[in-house]
Amino acid sequence: MTSWRHSSLQWRLTLSLLLATGLFWAVILILTWQKTAHELSELLDAHLAQTAAVLAVQSSDEHDDDFTTAEVLHKYQPRVAFQIWHERELVSRSAEAPLEPLAPWGQNGISDQNRAGQNWRVFATTGRDRDVRVVVAEMESARQDILKAGLNSAIVPIFLALPVLALLIWWAIFKSLAPLRQLSLSVSQRHSEALQPLSEDVSAEVRPLVQALNRLFHQLALQMEGERRFTADAAHELRTPMAAIRIQAQVARGAASDPEREQALDAVLQGCDRATRLVAQLLQLARLDAHGPSLGSERCDAVADTRETLADLGPQSLIKQQILSLDAPDALSLPMPPGLVGVLVGNLVDNAQRYSPEGSTIRVHWAVSPAPTLVVEDSGPGMEAQDLARLGDRFFRVPGNGADGSGLGWSIVRRVVQRYGLQVRVDRSPDLGGLRVTLTWPAH
């Protein structure tokens, strides 16, 4: 059975409105019943008092000894009764009045009495003569009948109107939910790759949903474009090292001497290393394209990440006899996930190592004030202005440079810079003469 939470929104709204309307009507009816009963009781009590007053005025000392009974003149008259007592003797009464006193002797005013199994509303008073007593009473059932007759005229139309009201509510909700049904139909009929935005020419209540869907479509489009670009880039870039590995393997297989075979195997290993590094960079870039920055409270120690990354890159500097130095405070906390600073430092330093000659100097510097700043500079050949303009394009490499690389390192750096709002400046190092890259974090 479908739960209430997952049931039709239209039926939920219809039933909720009907229940709320029914509850409201029930409260109004109860209050109306109570108010009407009170006002009717006051009116009829006043009527009894007025009748008793008239009878008391008309009574006098000249009383007949004969007992008289009033004639019945109206069909509702039996529900109203009166008694006139003289010297505690019943001298006159209505036909429906009992022979026993309707009210105890000496008790004047309004009271509720039960005589012969019948409930009465009684008003008793003294006549013009002190020995005359007038009692006027009305059956409680008569009052209830009057009250019911008055309320039925209000209740019956309400119950007759409920089906009409339910139909009107259902129709109004059905028409009001038409934009949602149209939106659902429009989305369901779309092709899986149709990610163009929906029209926002809808009602104000539906517009936030349409805007949210459009944002989702935009994100999916970017993600799909990134995946297509990643696939194309990976296929394009991996083709070269894999082809080189295959050629060198074939050379090693057909080598006539051990030195020739060892040289070919060394080339195979170098090709495997390049392919491994390329795959790692592609995966880093894919993760950055697929996920935005962490908006939580994650922080990292930038100096610790930098030291760990430089320790991994140290052997590469030793091979080329390069001087790799770090100038940094003991610790520096940055609002970034742990390891991401290492990605930045690793790609910048790796580029500096590859494009700088043997014996060159690579310097990494962290500054804290006025804002956290990372500077990576080298004593390599640097870059021309036209090449700096293309820095960060995927698989772009400086023409004429024989260094082994894929050009993805700068793409990864630029992606991190964009996602975390960093400021980047690339120029020539005034101290070392090579390329200088400066990354500045927003001041907090």
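The values are calculated or read from the model by the stated rules, or taken from the named source; none is laboratory data. Fair warning: this is a prediction, and the values are worked out from it, not measured in the lab. Backbone-built Cβ (ideal geometry, glycine too); neighbour counts: all protein chains shown. Calculation scope for accessible area: heavy atoms of the full protein, side chains included, ligands and nucleic acids excluded. Shrake-Rupley method; radii C 1.70, N 1.55, O 1.52, S 1.80 Å.
Structural remarks
- Checked against (1) over 45 Å from the mean Cα position of the chain (by Cα); (2) assigned to a loop (DSSP other than H, G, I, E, B), residue 377 passes all but condition (2).
- The sole residue among 84, 110 that is open to solvent by 60 Å² or more (accessible area, probe 1.4 Å), more than 53 Å from the chain's Cα centre (by Cα) and not small (Gly, Ala, Ser) is 110.
- Among residues of segment 16-34, those that are surrounded by 15 or more Cβ atoms within 10 Å (Cβ to Cβ) and either over 16 Å from residue 154 (Cβ atoms) or touching a Gly at 6+ places or on another chain (Cβ under 6 Å) (or both), counted: 2
- Taken over segment 345-356, the criterion of being modelled with pLDDT of 90 or more and open to solvent by 30 Å² or more (accessible area, probe 1.4 Å) is satisfied by no residue.
- Among residues of segment 328-344 being among the aliphatic types (A, V, I, L, M) and at pLDDT 90 or above, the one that is most open to solvent (accessible area, probe 1.4 Å) is 331.
- Odd one out for residue 147, checked against (1) more than 30 Å from residue 207 (Cα to Cα); (2) not in a helix (DSSP H, G or I): (2)
- Residues of segment 314-327 satisfying the condition of being open to solvent by less than 40 Å² (accessible area, probe 1.4 Å) and either in contact with a Pro (Cβ under 9 Å, 6 or more places away or on another chain) or closer than 14 Å to residue 355 by Cβ (or both): 317, 322
- Taking each residue of segment 135-153 that is basic (Lys, Arg) and looking for partners that are in a helix (DSSP H, G or I) and open to solvent by less than 40 Å² (accessible area, probe 1.4 Å) with beta-carbon atoms closer than 9 Å, six or more apart or interchain, yields 143/37; 143/40; 143/41; 143/44.
- Search result, residues across segment 305-323 that are touching a strand residue (DSSP E or B) at 6+ places or on another chain (Cβ under 8 Å) and farther than 11 Å from residue 365 by Cα: 307, 310, 313, 314, 317, 322, 323
- Cβ separations smaller than 7 Å between residues 6+ apart or across chains give the following pairs from segment 210-228 residues that are in contact (Cβ under 8 Å) with a residue 12 or more places away in the chain and open to solvent by less than 40 Å² (accessible area, probe 1.4 Å) to residues that are assigned to a helix (DSSP H, G or I) and among the charged types (D, E, K, R): 226/289.
- Pick from segment 357-390, criterion over 19 Å from residue 308 (Cα atoms), modelled with pLDDT of 90 or more and small (Gly, Ala, Ser), ranking: surrounded by the fewest Cβ atoms within 10 Å (Cβ to Cβ): 359
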